[in-house]
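Student: Below are the C-alpha coordinates for one structure; questions will follow.
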Ligand code: ADP
Ligand code: MG
(Lines give C-alpha, C1' and ligand atoms only; values in the text may rest on other atoms or scores of the structure.)
(Ligands and ions follow the chains in the order given, each with its own letter.)
Protein backbone atom coordinates (compact mmCIF):
# COMPACT_ATOMS: atom_id res chain seq x y z
CA UNK A 1 0.00 0.00 0.00
CA UNK A 2 2.86 2.29 0.93
CA UNK A 3 6.21 1.31 -0.44
CA UNK A 4 9.63 2.93 -0.37
CA UNK A 5 12.51 1.38 -2.27
CA UNK A 6 16.17 2.37 -2.17
CA UNK A 7 15.40 6.03 -1.49
CA UNK A 8 18.28 8.40 -0.88
CA UNK A 9 18.08 12.15 -0.41
CA UNK A 10 20.72 14.83 -0.03
CA UNK A 11 20.39 18.45 1.03
CA UNK A 12 23.51 19.64 -0.75
CA UNK A 13 26.34 17.80 1.01
CA UNK A 14 24.14 16.61 3.87
CA UNK A 15 22.79 13.12 3.25
CA UNK A 16 19.43 12.82 5.01
CA UNK A 17 18.32 9.42 3.63
CA UNK A 18 20.63 6.63 2.58
CA UNK A 19 19.10 3.73 0.62
CA UNK A 20 15.88 3.59 2.61
CA UNK A 21 13.57 0.65 1.84
CA UNK A 22 10.45 -0.32 3.76
CA UNK A 23 6.74 -0.78 3.27
CA UNK A 24 3.51 -0.67 5.22
CA UNK A 25 1.07 -3.46 4.32
CA UNK A 26 -2.49 -2.52 3.44
CA UNK A 27 -4.64 -1.60 6.42
CA UNK A 28 -1.78 -1.72 8.91
CA UNK A 29 -0.86 0.94 11.43
CA UNK A 30 2.73 1.75 10.53
CA UNK A 31 5.01 3.64 12.91
CA UNK A 32 8.14 5.31 11.58
CA UNK A 33 10.22 5.41 14.73
CA UNK A 34 13.42 7.41 14.82
CA UNK A 35 15.23 10.02 16.89
CA UNK A 36 15.41 13.66 15.84
CA UNK A 37 17.39 14.03 12.65
CA UNK A 38 16.72 10.44 11.52
CA UNK A 39 15.17 11.65 8.25
CA UNK A 40 11.47 11.17 8.99
CA UNK A 41 10.29 14.59 7.79
CA UNK A 42 12.46 14.33 4.69
CA UNK A 43 10.64 11.12 3.83
CA UNK A 44 7.27 12.85 4.32
CA UNK A 45 8.48 15.68 2.09
CA UNK A 46 9.17 13.13 -0.65
CA UNK A 47 5.85 11.29 -0.19
CA UNK A 48 3.90 14.56 -0.46
CA UNK A 49 5.97 15.79 -3.44
CA UNK A 50 7.25 18.83 -1.59
CA UNK A 51 10.76 17.51 -2.22
CA UNK A 52 11.87 16.06 -5.58
CA UNK A 53 12.72 12.36 -5.75
CA UNK A 54 16.50 12.17 -6.28
CA UNK A 55 16.89 8.42 -6.32
CA UNK A 56 14.81 5.35 -5.59
CA UNK A 57 11.07 4.71 -5.84
CA UNK A 58 8.10 5.60 -3.68
CA UNK A 59 4.56 4.46 -4.26
CA UNK A 60 1.23 5.17 -2.59
CA UNK A 61 -1.76 2.91 -3.18
CA UNK A 62 -0.16 1.66 -6.37
CA UNK A 63 0.68 5.12 -7.71
CA UNK A 64 4.27 6.10 -8.35
CA UNK A 65 5.33 9.24 -6.48
CA UNK A 66 6.85 11.52 -9.08
CA UNK A 67 6.70 15.24 -9.76
CA UNK A 68 3.15 16.18 -10.74
CA UNK A 69 1.58 12.72 -10.35
CA UNK A 70 -1.69 13.85 -8.78
CA UNK A 71 -3.01 10.29 -8.46
CA UNK A 72 -0.42 9.64 -5.74
CA UNK A 73 -1.68 12.70 -3.81
CA UNK A 74 -5.38 11.98 -4.16
CA UNK A 75 -5.23 8.88 -1.97
CA UNK A 76 -3.22 10.63 0.72
CA UNK A 77 -4.27 12.32 3.96
CA UNK A 78 -1.54 14.26 5.71
CA UNK A 79 -0.88 15.86 9.08
CA UNK A 80 2.39 17.76 8.89
CA UNK A 81 4.80 18.31 11.76
CA UNK A 82 4.01 22.04 11.84
CA UNK A 83 0.43 23.10 12.23
CA UNK A 84 -1.37 24.19 9.05
CA UNK A 85 -4.72 25.52 10.25
CA UNK A 86 -6.21 28.96 9.68
CA UNK A 87 -6.41 30.39 13.20
CA UNK A 88 -9.01 33.04 12.35
CA UNK A 89 -11.49 30.59 10.85
CA UNK A 90 -13.77 28.47 12.99
CA UNK A 91 -13.38 24.72 13.34
CA UNK A 92 -16.17 24.08 10.84
CA UNK A 93 -14.89 26.70 8.38
CA UNK A 94 -11.47 25.06 8.34
CA UNK A 95 -13.05 21.72 7.51
CA UNK A 96 -15.51 23.10 4.97
CA UNK A 97 -12.75 24.93 3.16
CA UNK A 98 -10.80 21.70 2.85
CA UNK A 99 -13.88 19.86 1.53
CA UNK A 100 -14.19 22.55 -1.14
CA UNK A 101 -10.56 22.07 -2.12
CA UNK A 102 -11.13 18.34 -2.43
CA UNK A 103 -14.31 18.81 -4.47
CA UNK A 104 -16.66 17.32 -1.87
CA UNK A 105 -20.20 18.69 -2.36
CA UNK A 106 -21.96 20.70 0.38
CA UNK A 107 -24.41 18.04 1.61
CA UNK A 108 -21.81 15.29 1.71
CA UNK A 109 -19.32 17.69 3.31
CA UNK A 110 -21.75 18.58 6.11
CA UNK A 111 -22.32 14.91 6.90
CA UNK A 112 -18.64 14.03 6.92
CA UNK A 113 -17.78 17.07 9.06
CA UNK A 114 -20.44 16.16 11.64
CA UNK A 115 -19.21 12.59 11.77
CA UNK A 116 -15.56 13.60 12.19
CA UNK A 117 -16.29 16.20 14.85
CA UNK A 118 -18.31 13.63 16.77
CA UNK A 119 -15.66 10.93 16.57
CA UNK A 120 -12.84 13.23 17.62
CA UNK A 121 -14.79 14.94 20.39
CA UNK A 122 -14.83 18.40 18.82
CA UNK A 123 -18.59 18.74 18.42
CA UNK A 124 -18.93 21.46 21.05
CA UNK A 125 -16.10 23.51 19.57
CA UNK A 126 -17.45 23.58 16.03
CA UNK A 127 -18.11 27.32 15.94
CA UNK A 128 -15.03 28.39 17.89
CA UNK A 129 -12.13 30.03 16.15
CA UNK A 130 -9.11 27.75 15.99
CA UNK A 131 -7.12 30.40 17.86
CA UNK A 132 -9.21 29.59 20.94
CA UNK A 133 -8.40 25.84 20.86
CA UNK A 134 -5.64 24.20 22.89
CA UNK A 135 -2.85 22.22 21.23
CA UNK A 136 -4.59 18.86 21.60
CA UNK A 137 -7.80 20.09 20.01
CA UNK A 138 -5.90 21.73 17.16
CA UNK A 139 -4.17 18.44 16.44
CA UNK A 140 -7.49 16.61 16.52
CA UNK A 141 -8.86 19.10 14.05
CA UNK A 142 -5.95 18.49 11.69
CA UNK A 143 -6.50 14.74 11.98
CA UNK A 144 -10.23 15.18 11.27
CA UNK A 145 -9.38 17.28 8.24
CA UNK A 146 -6.89 14.71 6.94
CA UNK A 147 -9.62 12.05 7.00
CA UNK A 148 -12.44 14.05 5.35
CA UNK A 149 -11.74 12.79 1.83
CA UNK A 150 -11.43 9.22 3.15
CA UNK A 151 -7.85 8.66 2.03
CA UNK A 152 -6.43 5.17 1.60
CA UNK A 153 -3.18 6.25 3.20
CA UNK A 154 -2.84 8.56 6.20
CA UNK A 155 0.52 10.16 6.96
CA UNK A 156 1.20 11.88 10.28
CA UNK A 157 4.51 13.53 11.10
CA UNK A 158 5.10 13.72 14.88
CA UNK A 159 1.44 14.61 15.44
CA UNK A 160 1.68 14.66 19.23
CA UNK A 161 4.73 16.86 19.66
CA UNK A 162 4.29 19.32 22.51
CA UNK A 163 1.22 17.61 23.97
CA UNK A 164 0.99 16.19 27.48
CA UNK A 165 1.05 12.42 28.00
CA UNK A 166 -2.70 11.83 28.58
CA UNK A 167 -3.55 13.86 25.46
CA UNK A 168 -0.92 12.00 23.45
CA UNK A 169 -2.29 8.64 24.58
CA UNK A 170 -5.82 9.66 23.68
CA UNK A 171 -4.81 10.81 20.20
CA UNK A 172 -2.74 7.66 19.57
CA UNK A 173 -5.75 5.55 20.54
CA UNK A 174 -8.20 7.63 18.52
CA UNK A 175 -6.13 7.43 15.36
CA UNK A 176 -5.76 3.66 15.77
CA UNK A 177 -9.54 3.38 16.07
CA UNK A 178 -10.21 5.70 13.14
CA UNK A 179 -7.72 3.93 10.89
CA UNK A 180 -9.26 0.56 11.73
CA UNK A 181 -12.75 1.87 11.02
CA UNK A 182 -11.77 3.38 7.65
CA UNK A 183 -9.43 0.53 6.72
CA UNK A 184 -6.77 3.16 6.10
CA UNK A 185 -3.07 2.38 5.95
CA UNK A 186 -1.18 4.67 8.34
CA UNK A 187 2.36 5.94 8.64
CA UNK A 188 2.82 7.68 11.99
CA UNK A 189 6.24 9.25 12.54
CA UNK A 190 7.49 9.69 16.08
CA UNK A 191 10.56 9.64 18.27
CA UNK A 192 8.47 8.54 21.27
CA UNK A 193 8.54 4.79 21.83
CA UNK A 194 5.46 4.79 24.07
CA UNK A 195 3.35 5.63 21.02
CA UNK A 196 3.88 2.14 19.59
CA UNK A 197 1.05 -0.26 20.37
CA UNK A 198 0.98 -4.04 20.19
CA UNK A 199 0.14 -5.03 16.61
CA UNK A 200 1.77 -1.98 14.99
CA UNK A 201 4.05 -2.34 11.99
CA UNK A 202 7.26 -0.59 13.00
CA UNK A 203 10.13 0.76 10.93
CA UNK A 204 13.11 2.03 12.89
CA UNK A 205 14.98 4.81 11.09
CA UNK A 206 18.29 6.12 12.34
CA UNK A 207 20.75 8.48 10.64
CA UNK A 208 18.97 8.09 7.33
CA UNK A 209 19.02 4.28 7.39
CA UNK A 210 16.39 1.64 8.16
CA UNK A 211 17.63 -0.38 11.14
CA UNK A 212 14.66 -2.75 11.46
CA UNK A 213 11.15 -3.31 10.19
CA UNK A 214 8.24 -5.57 11.05
CA UNK A 215 5.41 -6.22 13.47
CA UNK A 216 6.57 -4.99 16.87
CA UNK A 217 6.30 -8.32 18.73
CA UNK A 218 8.20 -10.09 15.96
CA UNK A 219 10.90 -7.41 16.18
CA UNK A 220 11.24 -7.85 19.95
CA UNK A 221 11.65 -11.58 19.44
CA UNK A 222 14.02 -11.20 16.53
CA UNK A 223 16.30 -8.84 18.48
CA UNK A 224 15.82 -10.64 21.78
CA UNK A 225 14.69 -7.41 23.45
CA UNK A 226 12.41 -7.43 26.50
CA UNK A 227 10.67 -4.24 25.56
CA UNK A 228 10.67 -1.50 22.99
CA UNK A 229 13.00 0.71 25.02
CA UNK A 230 15.70 -1.94 24.86
CA UNK A 231 15.05 -2.49 21.14
CA UNK A 232 15.16 1.22 20.33
CA UNK A 233 18.28 1.86 22.44
CA UNK A 234 20.08 -0.94 20.70
CA UNK A 235 19.02 -0.08 17.16
CA UNK A 236 19.75 3.63 17.53
CA UNK A 237 23.01 3.23 19.46
CA UNK A 238 21.41 5.07 22.36
CA UNK A 239 22.70 4.61 25.90
CA UNK A 240 20.11 2.76 27.98
CA UNK A 241 18.00 5.31 29.81
CA UNK A 242 15.08 5.59 32.19
CA UNK A 243 12.34 4.42 29.89
CA UNK A 244 8.98 5.77 28.88
CA UNK A 245 6.66 2.85 29.32
CA UNK A 246 6.03 1.02 26.04
CA UNK A 247 4.75 -2.31 24.77
CA UNK A 248 6.32 -5.43 26.21
CA UNK A 249 6.83 -8.85 24.77
CA UNK A 250 3.72 -10.90 25.37
CA UNK A 251 1.25 -7.99 25.30
CA UNK A 252 -2.00 -8.85 23.56
CA UNK A 253 -2.67 -7.11 20.23
P1 LIG B 1 13.55 14.08 11.42
O2 LIG B 1 12.24 14.55 10.87
O3 LIG B 1 13.62 12.60 11.61
O4 LIG B 1 13.92 14.82 12.67
P5 LIG B 1 14.67 15.41 9.11
O6 LIG B 1 14.18 14.72 7.91
O7 LIG B 1 14.03 16.70 9.48
O8 LIG B 1 14.68 14.39 10.35
O9 LIG B 1 16.23 15.69 8.94
C10 LIG B 1 17.14 14.68 8.54
C11 LIG B 1 18.53 15.31 8.43
O12 LIG B 1 18.55 16.25 7.36
C13 LIG B 1 18.95 16.09 9.67
O14 LIG B 1 20.32 15.89 9.86
C15 LIG B 1 18.66 17.51 9.32
O16 LIG B 1 19.50 18.38 10.00
C17 LIG B 1 18.91 17.53 7.82
N18 LIG B 1 18.06 18.52 7.14
C19 LIG B 1 16.71 18.60 7.17
N20 LIG B 1 16.24 19.60 6.41
C21 LIG B 1 17.36 20.19 5.89
C22 LIG B 1 17.56 21.30 5.00
N23 LIG B 1 16.53 21.98 4.50
N24 LIG B 1 18.82 21.61 4.69
C25 LIG B 1 19.88 20.90 5.17
N26 LIG B 1 19.75 19.83 6.00
C27 LIG B 1 18.51 19.50 6.35
MG1 MG C 1 10.74 15.76 11.66
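The values are calculated or read from the model by the stated rules, or taken from the named source; none is laboratory data. Just so we're clear, the structure is a prediction, and the values are computed from it rather than from any experiment. A quick note on method: Cβ atoms are made from the backbone with ideal geometry, for glycine too, and the neighbour counts reach across all protein chains shown.
Student: Please tell me if residue 32 is surrounded by 14 or more Cβ atoms within 10 Å (Cβ to Cβ), within 15 Å of the chain's Cα centre (by Cα) and within 16 Å of ligand 1 (Cβ to nearest atom).
Tutor: yes
Student: Please specify each residue of the stretch 1-17 satisfying the condition of being within 16 Å of ligand 1 (Cβ to nearest atom) and either under 21 Å from the mean Cα position of the chain (by Cα) or buried (at least 20 other Cβ atoms within 10 Å of the Cβ) (or both).
Tutor: 4, 7, 8, 9, 16, 17 - these are the residues of the stretch 1-17 that are within 16 Å of ligand 1 (Cβ to nearest atom) and either under 21 Å from the mean Cα position of the chain (by Cα) or buried (at least 20 other Cβ atoms within 10 Å of the Cβ) (or both).
Student: Are there any pairs, at least 6 apart or on different chains, whose C-beta atoms fall under 6 Å, with the first in the stretch 157-173 and farther than 19 Å from residue 35 by Cβ and the second modelled with pLDDT under 90, and if so, which?
Tutor: Listed pairs, sorted by first residue: none to list.
Student: Using the structure shown, decide if residue 51 is more than 16 Å from the chain's Cα centre (by Cα), modelled with pLDDT of 95 or more, surrounded by 15 or more Cβ atoms within 10 Å (Cβ to Cβ) and within 13 Å of ligand 1 (Cβ to nearest atom).
Tutor: Against the criterion (more than 16 Å from the chain's Cα centre (by Cα), modelled with pLDDT of 95 or more, surrounded by 15 or more Cβ atoms within 10 Å (Cβ to Cβ) and within 13 Å of ligand 1 (Cβ to nearest atom)), residue 51 qualifies.
Student: Can you find a residue in the stretch 97-109 that is crowded, with 18+ Cβ neighbours inside 10 Å and over 21 Å from residue 182 (Cβ atoms)?
Tutor: Scanning the stretch 97-109, I find no residue that is crowded, with 18+ Cβ neighbours inside 10 Å and over 21 Å from residue 182 (Cβ atoms), so the answer is no.
Student: Mind counting the residues in the stretch 33-51 that are outside any helix (DSSP H, G or I) and in contact with a strand residue (DSSP E or B) (Cβ under 9 Å, 6 or more places away or on another chain)?
Tutor: Residues meeting the conditions: 8.
Student: Within the stretch 97-110, can one find any residue that is under 19 Å from the mean Cα position of the chain (by Cα) and over 18 Å from residue 146 (Cα atoms)?
Tutor: no
Student: Suppose we keep only residues that are buried (at least 22 other Cβ atoms within 10 Å of the Cβ) and farther than 30 Å from residue 55 by Cα within the stretch 184-236. Which one would you say is farthest from ligand 1 (Cβ to nearest atom)?
Tutor: 220
Student: Could you figure out which of (1) modelled with pLDDT of 95 or more; (2) within 16 Å of ligand 1 (Cβ to nearest atom) isn't true of residue 23?
Tutor: It fails just one condition, (2).
Student: Please work out which one of (1) free of Cβ contacts under 8 Å to residues at least 60 places away in the same chain; (2) away from ligand 2 (no atom under 16 Å from the Cβ) is the condition residue 28 fails and give its number.
Tutor: (1)
Student: Residues that are modelled with pLDDT of 95 or more, within 16 Å of ligand 1 (Cβ to nearest atom) and in a loop (DSSP other than H, G, I, E, B): does the stretch 123-142 have at least one?
Tutor: No, because not a single residue in the stretch 123-142 is modelled with pLDDT of 95 or more, within 16 Å of ligand 1 (Cβ to nearest atom) and in a loop (DSSP other than H, G, I, E, B).
Student: How many residues are touching a residue at least 24 places away in the same chain (Cβ under 8 Å), out of contact with any helix residue (DSSP H, G or I) (no Cβ under 7 Å at 6 or more places or on another chain) and surrounded by fewer than 18 Cβ atoms within 10 Å (Cβ to Cβ) when one looks only at the stretch 124-148?
Tutor: The qualifying residues number 3.
Student: Hey, can you tell me all the residues within the stretch 169-189 that are within 16 Å of ligand 2 (Cβ to nearest atom) and under 16 Å from residue 141 (Cα atoms)?
Tutor: none
Student: Of the numbered conditions (1) over 13 Å from the mean Cα position of the chain (by Cα); (2) in a loop (DSSP other than H, G, I, E, B), residue 145 satisfies every one except a single condition; which is it?
Tutor: Failed condition: (2).
Student: Still on this structure: Quick check, is residue 87 surrounded by fewer than 14 Cβ atoms within 10 Å (Cβ to Cβ), at pLDDT below 95 and either touching a helix residue (DSSP H, G or I) at 6+ places or on another chain (Cβ under 9 Å) or part of a helix (DSSP H, G or I) (or both)?
Tutor: no
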